[in-house]
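The values are calculated or read from the model by the stated rules, or taken from the named source; none is laboratory data. Owing to the predicted nature of the structure, the values given are computational and were not obtained by experimental measurement. Note that we place each Cβ from the backbone using ideal geometry, even for glycine, and neighbour counts take in every protein chain shown. Remember, those area values only see protein heavy atoms, side chains included, never the ligands or the DNA or RNA. Shrake-Rupley method; radii C 1.70, N 1.55, O 1.52, S 1.80 Å.
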Amino acid sequence: MCISRDMLMRRQRAILMVGSLLLNLFCSGQTVMHIENAQTWTTDKLSRYVGQTVRFDAPFYVTNNYGFSSGTYTVSPRRIYSPTNQEYPMTEGYTTIVSLNTSGTLSLSGISGYHRMGERIQNLTVRIIGTNSMQWVSGEWVGNTRTELEAGIPSVDILGEHTLLVCAFNLEYYLAENLGTGYGPDNEVQHARQKNKISTALNKIRADVFGFVEIEQGQTALAELADTLTAMTGKKYSYIDDGGSANSSYTKSGYVYCTETLKPVGALKSNNTRVQNRKKMQAFQEISTGEHFIFSINHFKAKSGTGTGMNADQGDGQGTFNYDRVQEAQSVLTDYQSNRAYYGDPDILIMGDLNAYAKEDPITTLVKGGMTDLHRYFHEDTAYSYVFRGTAGYLDHALTNRTLLEQVTGVAAYHINSDEDDSFTYDGRNNDGTMFRCSDHDPVLVGLRLGAAHTDLNIVRVTATYGGLNILNADGGYYMVGNTDGTLLTRGDINSNDYVVNLPLQSGFYIVTVYANGTAEAHKLMVVGNR
């Protein structure tokens, strides 16, 4: 066979290209980019490697997957969190996170297939294109996959086995009537798709009681989901009738519960401070034990829109209508004090979409009012339920008072929604009929074991409060408090199983270490004065 000069040259170029690729792959095994601290790493570390193929010695996270159809993702060696989810507004820590968030992510192109936000890439090998862009060569995908989430709901049995499962879930405009108003489904076909995705998720969760927000006013939507759960689970579900009717697509908060495990106690209490039909309170009795708890489900004023006066955006990261949300938080505390005698039990669980991140004023108001942030209590800085433009945090809260805290076994956000691309919604171009991206918020699950305090499990717990610390299950141990440069500031003995430490500290960051029961626990504490 005769080979032309042009064909020979093309073959030679192909051989050179393959050789170059193999050389790059070989070099990538030798050129390892070390990331000493993923939490403070910035993309300026890439400048010396532009044009090279390198392998990172730390895993990278997908922080945004909006460009997956073209094979481009945003990645970082850490999850990117909303500044006010991690630190109080306008503090030094807040300012640091704002700066790190803008300099810690980069574009990674050349990826095949769909990957969720939060998925990790180990042994990531890339070609550095620029200080903000890389091209995929190889890597191993691990964690936060759909397969893992389909295997079962996350555990809420951190402090013992739960007997009741409570779920709060923003359904992103779940409508059964008044379709086609521009909110929620436009027609019956879309409603059927929305119902299918939501129902699949609810059947996977199978909570004893669901607190829904963004579900249509009236009773039709609640009844539809209760009937669907009954059919899918084989257990009888019902709903709390608030007496309203649906004459529009306006949404509310509401309850669906399993009648085999729970029964309502007393009447439903509604709170219309600032927004209508979105703050509800209802007590339930666990049938097997006779124990009660109050379930407060809420949907605070959103950050969208243009606020005026005290509701204008103050430029502190909390958005518009922060003042209204603080008023709503105060009203929930007031309602609790008014209704605890009526319901005959002090135990309260406050849940729902509060449209405020963990360190914003509405949540601070609830914590100052005696509530414990369960996400923080069990998961410290790692919890999230919502991702906005690649930035994670939790708007969907679970807080409880001191008496119920001892009966909480755990809390978890079920990440079936926040890490998904929007195109998988019921009306999206990639709708696949699965439970994934059935809403824009993750459902939040809380495990309860009513009447059985878990203090006998001998697990040390440290909770920061305004003015000090609560240290549980550490009797006979001792604590040390130091600042972030390692200087010891104070220490003391712990002489009770529920020990309160009054800390005369200035505003700033501290490390609290508790030594007890043969273990040591270190916690980051931020003192912010009288915010």
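Within segment 36-62, restricting attention to residues that are part of a strand (DSSP E or B) and not hydrophobic (A, V, I, L, M, F, W, C), which residue is nearest to Thr382 (Cα to Cα)?
Within segment 36-62, the first condition is being part of a strand (DSSP E or B), and the residues that meet it are 53-56, 60-62.
Okay, now just the ones that are also not hydrophobic (A, V, I, L, M, F, W, C), so 53, 55, 61.
Numbers: Thr53: 32, Arg55: 26, Tyr61: 14 Å.
For segment 36-62, the residue satisfying everything is Tyr61.
Report yes if some residue within segment 372-382 is in contact with a Phe, Trp or Tyr (Cβ under 6 Å, 6 or more places away or on another chain), charged (D, E, K, R) and within 20 Å of Ile348 (Cβ to Cβ); otherwise report no. Before you say what the answer is, go through the steps one by one.
The first filter runs over segment 372-382 and keeps only residues in contact with a Phe, Trp or Tyr (Cβ under 6 Å, 6 or more places away or on another chain), leaving 375.
With the extra rule that they be charged (D, E, K, R), the set shrinks to none.
No, because not a single residue in segment 372-382 is in contact with a Phe, Trp or Tyr (Cβ under 6 Å, 6 or more places away or on another chain), charged (D, E, K, R) and within 20 Å of Ile348 (Cβ to Cβ).
Does Ser418 count as closer than 22 Å to Ala192 by Cβ, open to solvent by less than 20 Å² (accessible area, probe 1.4 Å) and either touching a residue at least 60 places away in the same chain (Cβ under 8 Å) or part of a helix (DSSP H, G or I) (or both)? Can you show your working first?
Values: closer than 22 Å to Ala192 by Cβ: no; open to solvent by less than 20 Å² (accessible area, probe 1.4 Å): yes; either touching a residue at least 60 places away in the same chain (Cβ under 8 Å) or part of a helix (DSSP H, G or I) (or both): yes.
Criteria not met by Ser418.
Name every residue in segment 272-299 that is more than 16 Å from Glu214 (Cα to Cα), part of a strand (DSSP E or B) and among the polar types (S, T, N, Q), in order of residue number.
Matches in segment 272-299: Gln282, Gln285.
How many residues does segment 77-113 hold that are polar (S, T, N, Q), touching a helix residue (DSSP H, G or I) at 6+ places or on another chain (Cβ under 9 Å) and without any contact (Cβ under 8 Å) to a residue 60 or more places away in the chain? Explain how you work it out, then say what you get.
The initial filter retains those residues of segment 77-113 that are polar (S, T, N, Q), namely 82, 84-86, 91, 95-96, 99, 101-103, 105, 107, 109, 112.
Still in the list and also touching a helix residue (DSSP H, G or I) at 6+ places or on another chain (Cβ under 9 Å): 82, 84-86, 95-96, 101, 103, 105, 109.
From the residues that got through so far, the ones that are without any contact (Cβ under 8 Å) to a residue 60 or more places away in the chain too are 95-96, 109.
Residues that pass the stated criteria total 3.
Within segment 194-245, track down each residue that is part of a strand (DSSP E or B) and under 22 Å from Asn417 (Cα atoms).
Step one: list which residues in segment 194-245 are part of a strand (DSSP E or B), which gives 209-216, 237-239.
Answer for segment 194-245, where residues must be part of a strand (DSSP E or B) and under 22 Å from Asn417 (Cα atoms): Val209, Phe210, Gly211, Phe212, Val213, Glu214, Ile215, Glu216.
Quick check: is even one residue across segment 321-342 farther than 16 Å from Met371 by Cβ, in contact (Cβ under 8 Å) with a residue 12 or more places away in the chain and touching a strand residue (DSSP E or B) at 6+ places or on another chain (Cβ under 9 Å)?
yes
Quick test for you: out of Thr147, Thr84, pick the one residue that is modelled with pLDDT of 95 or more, assigned to a helix (DSSP H, G or I), among the hydroxyl-bearing types (Ser, Thr, Tyr) and open to solvent by less than 20 Å² (accessible area, probe 1.4 Å).
Every option except Thr84 fails the conditions.
Taking segment 162-207, which residues are under 27 Å from the mean Cα position of the chain (by Cα) and hydroxyl-bearing (Ser, Thr, Tyr)?
Answer for segment 162-207, where residues must be under 27 Å from the mean Cα position of the chain (by Cα) and hydroxyl-bearing (Ser, Thr, Tyr): Thr163, Tyr173, Tyr174, Tyr183, Ser199, Thr200.
Considering only residues that are outside any loop (DSSP other than H, G, I, E, B), in contact (Cβ under 8 Å) with a residue 60 or more places away in the chain and surrounded by fewer than 17 Cβ atoms within 10 Å (Cβ to Cβ), which ones fall in segment 130-144?
Within segment 130-144, Gly130, Ser138, Val142 qualify.
Being touching a helix residue (DSSP H, G or I) at 6+ places or on another chain (Cβ under 7 Å) and over 22 Å from Ser418 (Cα atoms) is the filter here, so list the residues in segment 138-190 that pass it.
Initial filter on segment 138-190 (touching a helix residue (DSSP H, G or I) at 6+ places or on another chain (Cβ under 7 Å)): 153, 158-160, 167, 171, 174-177, 179, 185.
Result: Ile158, Leu159, Gly160, Ala176, Glu177, Leu179.
Does segment 178-191 contain at least one residue that is without any contact (Cβ under 8 Å) to a residue 40 or more places away in the chain, open to solvent by 20 Å² or more (accessible area, probe 1.4 Å), closer than 15 Å to Val256 by Cα and out of contact with any Lys or Arg (no Cβ under 9 Å at 6 or more places or on another chain)?
no
Quick test of your reading of the structure: Asp432 fulfils all but one of (1) under 30 Å from Thr91 (Cα atoms); (2) without any contact (Cβ under 8 Å) to a residue 40 or more places away in the chain. Name the failing condition by number.
(1)
Does Ile363 meet the test of being β-branched (Val, Ile, Thr) and closer than 25 Å to Gly451 by Cβ?
Values: β-branched (Val, Ile, Thr): yes; closer than 25 Å to Gly451 by Cβ: no.
Spelling it out, it is not the case that Ile363 is β-branched (Val, Ile, Thr) and closer than 25 Å to Gly451 by Cβ.
Cβ-Cβ distance below 7 Å, separation of 6 or more or different chains: which pairs start in segment 210-221 with a residue that is closer than 11 Å to Asn277 by Cα and open to solvent by less than 30 Å² (accessible area, probe 1.4 Å) and end on one that is of a type in the set (Asp, Glu) and not in a loop (DSSP other than H, G, I, E, B)?
These pairs meet every condition: Val213/Asp353.
Return the pairs, sorted by first residue and then second, in which the second residue is part of a strand (DSSP E or B), the first residue lies in segment 260-285 and is of a type in the set (Val, Ile, Thr), the beta carbons are less than 6 Å apart, and the residues are 6+ apart or on different chains.
Val265/Ala283; Val265/Gln285; Val265/His292
Condition first: more than 20 Å from the chain's Cα centre (by Cα) and farther than 28 Å from Asn430 by Cβ. Can you find one or more residues in segment 117-124 that meet it? Even if it seems obvious, please write down each step before you answer.
Restricting attention to segment 117-124, the residues satisfying the condition of being more than 20 Å from the chain's Cα centre (by Cα) are 121-124.
Filter once more, keeping what is farther than 28 Å from Asn430 by Cβ: 123.
Yes - at least one qualifying residue is present in segment 117-124.
Which of the residues that make up segment 421-449 are touching a Gly at 6+ places or on another chain (Cβ under 7 Å) and in a strand (DSSP E or B)? Reasoning before the result, please.
Initial filter on segment 421-449 (touching a Gly at 6+ places or on another chain (Cβ under 7 Å)): 422, 447, 449.
Gly447 - this is the single residue of segment 421-449 that is touching a Gly at 6+ places or on another chain (Cβ under 7 Å) and in a strand (DSSP E or B).
Checking the condition in contact with a Ser or Thr (Cβ under 6 Å, 6 or more places away or on another chain) and either at pLDDT below 95 or open to solvent by 60 Å² or more (accessible area, probe 1.4 Å) (or both), which residue from Cys2, Cys27 passes?
Values: Cys2 fails: in contact with a Ser or Thr (Cβ under 6 Å, 6 or more places away or on another chain).
Answer to the selection: Cys27.
For segment 246-259: of the residues being in a loop (DSSP other than H, G, I, E, B) and free of Cβ contacts under 8 Å to residues at least 60 places away in the same chain, which is surrounded by the fewest Cβ atoms within 10 Å (Cβ to Cβ)?
First, pick out the residues of segment 246-259 that are in a loop (DSSP other than H, G, I, E, B): 246-250, 259.
Narrowing the set further to residues that are free of Cβ contacts under 8 Å to residues at least 60 places away in the same chain leaves 250, 259.
On the way: Tyr250: 18, Thr259: 15.
Filtering first and then ranking leaves Thr259.
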